[in-house]
Amino acid sequence: MKVVILCGGRGTRLASETVSVPKPLVEVGGKPILWHVMKIFAAFGHTEFILCLGYKGHLIKEYFLNYDLHQSDFTITLGQDAPVAPHRPHPEHGWQVHCVDTGQDTLTGGRIKRIERFVGNEEFLLTYGDGVADIDLAALADFHRSHGKIATVTGVRPLSRFGELMVEGRKVVEFSEKPQVHQGLINGGFFVLRPDVFRYVQDSDACTFEREPLERLARDGQLMLYPHTGSWQCVDTPRDLQVMNEQWASGAFWKVWDRTTGQSK
């Protein structure tokens, strides 16, 4: 399936980083967050990406225009029409990346509507350019096809920002620093959608996918939940970025491409 990635937001809560680059290009382990997200999908064979660009979108375009050269040594022959020859292919060789300007300040629903022509009459995957998980995308797709509804959203339990105390009377019997929340699911950002979803979004800068479109899908009985019980992390604040870099250094849980394809980072 094609993979639509929302890459246009300003990332205001990560302003120390996003003043100079769009949020998806903020680096984790020396690679943009967007790269990590795309690698997850590519590990399951999904290598055609539609990037919904907005804030500083030209920098994302430039990143992919120069991607091959940045990933390899190369030889340049001056004065030739096609002068640059990379020495070896990289693991991302063959990815197809559509960079689509969907508006500087457009909200998520409007961005989705504006890439309709690139998706066509096909099921597609949708996610955000700042969240990762050790999710089984094949199982997610199978679940989506099994129920026949328009939309599937992945539900996750995020890490708590606070330590959890288990007590008996006044005695603390267990202390867990920033554990995974035990109750309540949130939108984990990995969707599978039928093309019918385009009837629920508007070509408007003010259309927010997570509000009226998803609310209508739920009311119409067309939104199903796929619970992800593994690990999940988004980068929303400087603290999130620090945590994600620490996780990458210690063996990132989302590095599913090593486990599914044997590719190195």
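Please specify each residue of region 94-142 satisfying the condition of being touching a residue at least 60 places away in the same chain (Cβ under 8 Å), among the aliphatic types (A, V, I, L, M) and farther than 25 Å from Gln233 by Cβ.
Ile115, Val119
Would you say Met224 is outside any strand (DSSP E or B) and at pLDDT 90 or above?
no
Could you say whether any residue in region 56-73 is loosely packed, with under 15 Cβ neighbours inside 10 Å, acidic (Asp, Glu), farther than 21 Å from Lys2 by Cβ and modelled with pLDDT under 95?
The answer is yes, given that some residue of region 56-73 is loosely packed, with under 15 Cβ neighbours inside 10 Å, acidic (Asp, Glu), farther than 21 Å from Lys2 by Cβ and modelled with pLDDT under 95.
Need pairs with beta-carbon distance below 9 Å; first residue farther than 22 Å from Ala42 by Cβ and within region 72-93, second loosely packed, with under 10 Cβ neighbours inside 10 Å and among the basic types (Lys, Arg); sequence gap 6+ or separate chains.
Asp73/Arg88
Which ones in region 242-256 are buried (at least 20 other Cβ atoms within 10 Å of the Cβ) and either farther than 21 Å from Pro24 by Cα or of a type in the set (A, V, I, L, M) (or both)?
Met244, Ala252, Val256
Taking into account only those residues within region 9-55 that are buried (at least 21 other Cβ atoms within 10 Å of the Cβ) and charged (D, E, K, R), which is farthest from Gly94 (Cα to Cα)?
Lys23
In this structure, does Gly251 turn out to be under 25 Å from Glu92 (Cβ atoms) and part of a loop (DSSP other than H, G, I, E, B)?
Taking the combined requirement at face value, the residue satisfies it.
Out of (1) in a helix (DSSP H, G or I); (2) under 27 Å from Glu27 (Cα atoms); (3) at pLDDT 95 or above; (4) not basic (Lys, Arg), the odd one out for Ala141 is which?
(2)
Counting only residues that are more than 11 Å from Val235 (Cα to Cα) and assigned to a loop (DSSP other than H, G, I, E, B), how many does region 13-56 have?
The total comes to 14.
With the requirement that a residue be in contact with a helix residue (DSSP H, G or I) (Cβ under 9 Å, 6 or more places away or on another chain), small (Gly, Ala, Ser), crowded, with 18+ Cβ neighbours inside 10 Å and more than 25 Å from Val256 (Cα to Cα), what does region 104-146 give you?
Passing the criteria: only Gly109.
Taking region 198-221 as the region of interest, how many residues are part of a loop (DSSP other than H, G, I, E, B) and on the phi < 0 side of the Ramachandran plot?
13
Can you tell me which residue is modelled with the lowest pLDDT among those in region 75-103 that are acidic (Asp, Glu) and surrounded by 11 or more Cβ atoms within 10 Å (Cβ to Cβ)?
Restricting to residues being acidic (Asp, Glu) and surrounded by 11 or more Cβ atoms within 10 Å (Cβ to Cβ), the top hit is Glu92.
The values are calculated or read from the model by the stated rules, or taken from the named source; none is laboratory data. Predicted model, so just to flag it, every value in this text is computed and none were measured. Neighbour counts are summed over all protein chains in view; Cβ atoms, including those assigned to glycine, are modelled from backbone coordinates with ideal geometry.
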